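The structure appears right after this line, and notes come after that.
The values are calculated or read from the model by the stated rules, or taken from the named source; none is laboratory data. Note that this is a predicted model, so its numbers are computed, not measured. We place every Cβ from the backbone using ideal geometry, glycine too, and count neighbours over all the protein chains shown.
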There are 2 protein chains.
Amino acid sequence: MPKLASVLKRLVVGRPFRTDRLAHTLLSKRIALPVFASDAMSSVAYAPEEILITLSVAGVAGYTYSLWIALAVVLLMLAVVASYRQNVHAYPSGGGDYEVATVNHGPRSGLVVASALLVDYVLTVSVSISSAAANIGSVVPFVATHKVEFAVGAIVVLTALNLRGIRESGTVFAIPTYAFVVGILAMVVWGATRVVLLGQEIPAESASFGLVEEGDHLTGFALVFLVLRAFSSGSAALTGVEAISNGVPAFRKPKSKNAATTLLLMGVLAIVMFLGLIMLAAATRAKIAEDPARQLVGAPAGYEQKTLVAQLANAVFGGFDPAIWYVVFFTGLILVLAANTAFNGFPVLGSILAQDRYLPRQLHTRGDRLAFSNGIVGLAGFAIVLVVAFDAEVTRLIQLYIVGVFVSFVLSQSGMIRHWNRLLRADPERAAASRMRRSRAVNAVGLTMTGTVLVIVLITKFTKGAWIAIAAMGAIYLLMTAIRRHYDRVAAELREAELDTKTVTLPSRNHAIVLVSKLHLPTRRALAYARATRPDVLEAVTVNVDDADTRELVAQWEKEDFSVPLKVVESPYREITKPVLEYVKRVRGANPRDVVTVYIPEYVVGRWWEQFLHNQSALRLKGRLLFQPGVMVTSVPWQLASSERLKQRYRDRQELAPGAVRRGLSEKKDTK
Amino acid sequence: MPKLASVLKRLVVGRPFRTDRLAHTLLSKRIALPVFASDAMSSVAYAPEEILITLSVAGVAGYTYSLWIALAVVLLMLAVVASYRQNVHAYPSGGGDYEVATVNHGPRSGLVVASALLVDYVLTVSVSISSAAANIGSVVPFVATHKVEFAVGAIVVLTALNLRGIRESGTVFAIPTYAFVVGILAMVVWGATRVVLLGQEIPAESASFGLVEEGDHLTGFALVFLVLRAFSSGSAALTGVEAISNGVPAFRKPKSKNAATTLLLMGVLAIVMFLGLIMLAAATRAKIAEDPARQLVGAPAGYEQKTLVAQLANAVFGGFDPAIWYVVFFTGLILVLAANTAFNGFPVLGSILAQDRYLPRQLHTRGDRLAFSNGIVGLAGFAIVLVVAFDAEVTRLIQLYIVGVFVSFVLSQSGMIRHWNRLLRADPERAAASRMRRSRAVNAVGLTMTGTVLVIVLITKFTKGAWIAIAAMGAIYLLMTAIRRHYDRVAAELREAELDTKTVTLPSRNHAIVLVSKLHLPTRRALAYARATRPDVLEAVTVNVDDADTRELVAQWEKEDFSVPLKVVESPYREITKPVLEYVKRVRGANPRDVVTVYIPEYVVGRWWEQFLHNQSALRLKGRLLFQPGVMVTSVPWQLASSERLKQRYRDRQELAPGAVRRGLSEKKDTK
């Protein structure tokens, strides 16, 4: 539409005002991988462990299934990665699963995906931080005995950092993520070398322990159920895979291709680490019990079960502490980083939902710090509640986690199939048709597998805690539809009013009223400004709250000869709002076609508590005046010295909102 | 100053606007007594009991001092009543102790009195409600076992009633107060009749119990100390005596004389009830122990100690339950009423302190419900903290209570002596001099006695809890001086600015900017209104947050031919505040002598949660714009249908603020 564009250009006077301190720096694959994949790769830290923990219920015999389960998870991951490679090509706008579901299934499905993602953000924080606490607790006993406190403290610190606005950059993500990958791979390779090439025994500290079955010996259906449950828990490795599909716009060109390549790279790395850890666990005969005190036989008194990663690092690196600390430390760090991605992802999703009017409008402009802070505090609050309620136990939290992820996988994959069907129906003879059919097949495999997993997860985990996540999703869904309904109602109200009144009539006259309490500079300025608008009627009004004060004011007014009449409104009961309101109503009543402008002098202060000492009556009056039709309220500010303080702080404030890196934004100075 | 008055009158055009739904109804002595004396008379319900409890530490032998202590308290009460009769004549304005101390000792002393009174309001609530719980618990065992819950619940209910605005009237006070007085006096008279005239034995349920001394047998100094401590506790009977001196303006004429008579009447009634209860306690040999479980010997297993009033009612009225219930019920009720007086007294004192700029300005206008609500919630919150911290035990709470009362007694009485000295010095030969000298003597006796009691209270109760009250007074004192300092600093800043800029220059032109996001009715109205002010420059500005939306807006704008240019401000990062701010700054920079008026269309909503869905960006933008010198911000309201709801509620709202009855205000319809 070239005409519109030129109109647009013509109307823009001078150079457009840009908030030019930010620059768009697109991400190379090398940086995009850590930025988007920290969440997905960090889940490798707990997924293998959770498989072993679930199987431990069946005793050592249960562990024999671990490799098979791991292979199933790997297969699933391959299918999902392949599916999402189709997504990033078809929907490169960064809308992710929400967009795919909305476009292909309609807004309701989109909203289900959004609810699932919001719940998952909370769980990402609680699961990742709890796992970080468990890992760090494996080398620092104090943390192990104060796991909940440590986890809550970590969330609080993360919240504070995000509220202040941390300066994100690709490097912040890159170093710990690559260090983690290097650490885990080195451990796997060195472990394999010792076992296979050197023929050494590398028993874990728990290798010699016995493992007591919980309850009866499991057979038949119960055993199948247990294996399926272990598989469900292992599927936690897939959380975060969809992140790249939300970040396509931040990639360098060709965006989709680079994103797809990065996705594949991430999948391969995650699979190698995941399989490596499971195989090392088998080689070291590490035992991880659901209830260590009861299940572990032969453990020394007061034995504190370490995480799988810590046990493997100990076994593989023997007594070489620096290597052990390296692996455990970077495992903890990448988990914290994964939690942080939730803090970044939340406002991005919130912005998209606000644009579709499912969340309050102001979330749309992401620069908005206040709305954004509420989101961060809410996210942290819910995460803390979960951590405390579940004692920071990853095994218990993970039961809530995976439902949401697979709900959005399933809706997104089925949406993709509809997408291809539509395209193929529109033009079945196109050259690209065979490619589309191939893509559709990939997504179909993805849908079949994720759908099966969703059913398995629902069956095996519903009573274990998944119902909480589902209930929360339902509540969020209802809230968002209610908000949307409200906005729709308001829009309808305005449309109706528009039909009733074809044109807004220009008010015939402007009646200006300046509120006066004392004759000081703020009042003088308000008077001067009001006079500058050259109203048809200009008068000053004061409320007689105290006879002596009013007499003094009137005398002063007379003396200075303002040529503006001062009206004294009586208020025997020392109210301000009501008398002014009634006066304004009377003025309006006398000349209904006039518009009344009320000028209120206001102090501008720089400290939060000063607000309580100034302007309170003015604020309340303003709030009530706005209910009167035909009345405008004008604030005439008087900047107190302290306001400079706040102004300075606004100016200094870091303008980069969290999540900026994922959208390919950074501060300009960084890019030079 | 007749000239000023006429000037004032001339300036008032038409009839003055009065909030005429309220009428001034002055109180007869018959109604004033219950309105102002419920607090003082209710303390009779716990003061005698507290004397016995303190003495119980010395065993049954200790009780022999109770009558002497009671006589000392009566003497003290007579002296205080006589003193305050002087106060109401000398200071009939209703400023009470705060005014007397401020005028005669200076503002610092006044502030000490104010701090003491504020602390006492909190304690009035906690002590009265705790005592009410104990009394009601004496007939309803469930309340006895859930004392804290009951007390907290009662405070919450009272708070809710006061927040909603209860319709106070003299009758509400009169019935329970007189019923209480009648009940107690009937009990005393009937008890005396049975003992003296009929020669009957009326043993209390605890008459046969033994009372174990706590610790060693007390002699010498320790005994004196105990007796003094019992006297201190008994002095709780004096709390609330000063209330009438705050209420003189609400009396019928001759105000001071009527107030003085009412004060005397209240004193006599309180003294009779107080002495009657103490003598009945002796006649029935009632035992009240500090630690019933340890001290009472011969009590049945699981014995729950009843309050003195309940024990006496049981003993005097034998098995006649209605009489017993009557006495206990109205004792509980008057205590609740006494607690309510604190809710009423608080805003009245707050208003006076705000006038002197020791508290935020908006507390000055008592009609202000919001500020007022904060006060009520704060008062209730602190009272609940105390009730919970001290297990709703009157005996423990009372240790904190009396300090504040006597601090203000002492400062007020010494202030009165200065007052008389000053008058006598000014004109020693006046005819009234001898009356003045007599008044001074009365106040001197009052000062001596209250001063002595203050010292006794400080010595015997400091470590028992009085230090908490003193610390709280100190904190409040510091807070109030800090607030005053802030207001003084602002006033100085304005004076300085006034010296710098002799006159406020009239801005040369008015540059109007209308913010536009969509072209709907609120925007059209804002445009029409802005145009009605006939600015020198008028332009519409929109922030390009979304390219598609902006293109649509521009196209529409072109089509409608507004004759107002629309400027598009770019915002690549979807911010609103910053681009607008920079644009306004640029406009200001180009023409520094212009004033810029920014018109912001705003929705007016009627439900609290709708605020979160509308106007948030506008609000924030407004807040930031006010920091720019030379910029006015005008809200152009658009009333959504839901706003009618709130408007209606504002209209229906009960206009009578709590405490109104005490100031002689009532709703007009009541007075017809």
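Observations on the structure shown:
- Pair list, Cβ under 6 Å, 6 or more apart: region B:543-563 residue at pLDDT below 90, other residue acidic (Asp, Glu): B:544/B:570
- Out of B:99, B:49, one residue alone is among the acidic types (Asp, Glu) and surrounded by fewer than 23 Cβ atoms within 10 Å (Cβ to Cβ). It is B:99.
- Selection status of residue B:172, closer than 23 Å to residue B:41 by Cα, in the same structural domain as residue B:337 (by TED's automatic domain parsing) and either part of a helix (DSSP H, G or I) or in contact (Cβ under 8 Å) with a residue 40 or more places away in the chain (or both): yes
- Residues in region A:244-285 that are of a type in the set (Ser, Thr, Tyr) and out of contact with any strand residue (DSSP E or B) (no Cβ under 8 Å at 6 or more places or on another chain): A:245, A:256, A:261, A:284.
- Within region B:286-295, the residues that satisfy the criterion of being in contact with a strand residue (DSSP E or B) (Cβ under 7 Å, 6 or more places away or on another chain) and either crowded, with 24+ Cβ neighbours inside 10 Å or under 24 Å from residue B:332 (Cβ atoms) (or both) are B:287, B:289.
- Every test in (1) under 27 Å from the mean Cα position of the chain (by Cα); (2) away from chain B (no Cβ under 14 Å) is passed by residue A:445 save one, and that test is (1).
- Residue pairs whose Cβ atoms lie under 7 Å apart, separated by 6 or more positions or on different chains, with the first residue in region B:259-285 and in the same structural domain as residue B:309 (by TED's automatic domain parsing) and the second among the charged types (D, E, K, R), are B:260/B:85; B:261/B:29; B:262/B:29; B:263/B:85; B:264/B:85.
- When region A:590-628 is limited to residues that are of a type in the set (Lys, Arg) and more than 9 Å from chain B (Cβ to nearest Cβ), the one that is farthest from residue B:634 (Cα to Cα) turns out to be A:607.
- Check on residue B:267, among the small types (Gly, Ala, Ser) and surrounded by fewer than 16 Cβ atoms within 10 Å (Cβ to Cβ): no
- Here residue B:392 meets the list (1) at pLDDT 90 or above; (2) surrounded by fewer than 14 Cβ atoms within 10 Å (Cβ to Cβ); (3) not in a helix (DSSP H, G or I) almost entirely, failing just condition (2).
- Residues satisfying the stated conditions in region A:208-233, i.e. out of contact with any helix residue (DSSP H, G or I) (no Cβ under 6 Å at 6 or more places or on another chain), in contact (Cβ under 8 Å) with a residue 24 or more places away in the chain and small (Gly, Ala, Ser): A:208, A:210, A:215
- Given (1) facing chain B (nearest Cβ under 9 Å); (2) more than 23 Å from residue B:355 (Cβ to Cβ), number of the condition residue A:571 does not satisfy: (2)
- For region A:550-565, the condition holds for at least one residue, the condition being that it is on the phi > 0 side of the Ramachandran plot and more than 8 Å from chain B (Cβ to nearest Cβ).
- Among the candidates B:499, B:494, B:527, residue that is among the aliphatic types (A, V, I, L, M), assigned to a helix (DSSP H, G or I), facing another protein chain (nearest Cβ under 8 Å) and over 24 Å from residue B:587 (Cα atoms): B:494
- Annotation: of all residues in region B:574-589 being of a type outside the set (A, V, I, L, M) and within 9 Å of chain A (Cβ to nearest Cβ), the one that is farthest from residue B:620 (Cα to Cα) is B:586.
- Test for residue A:310: is it on the phi > 0 side of the Ramachandran plot and modelled with pLDDT of 85 or more: no
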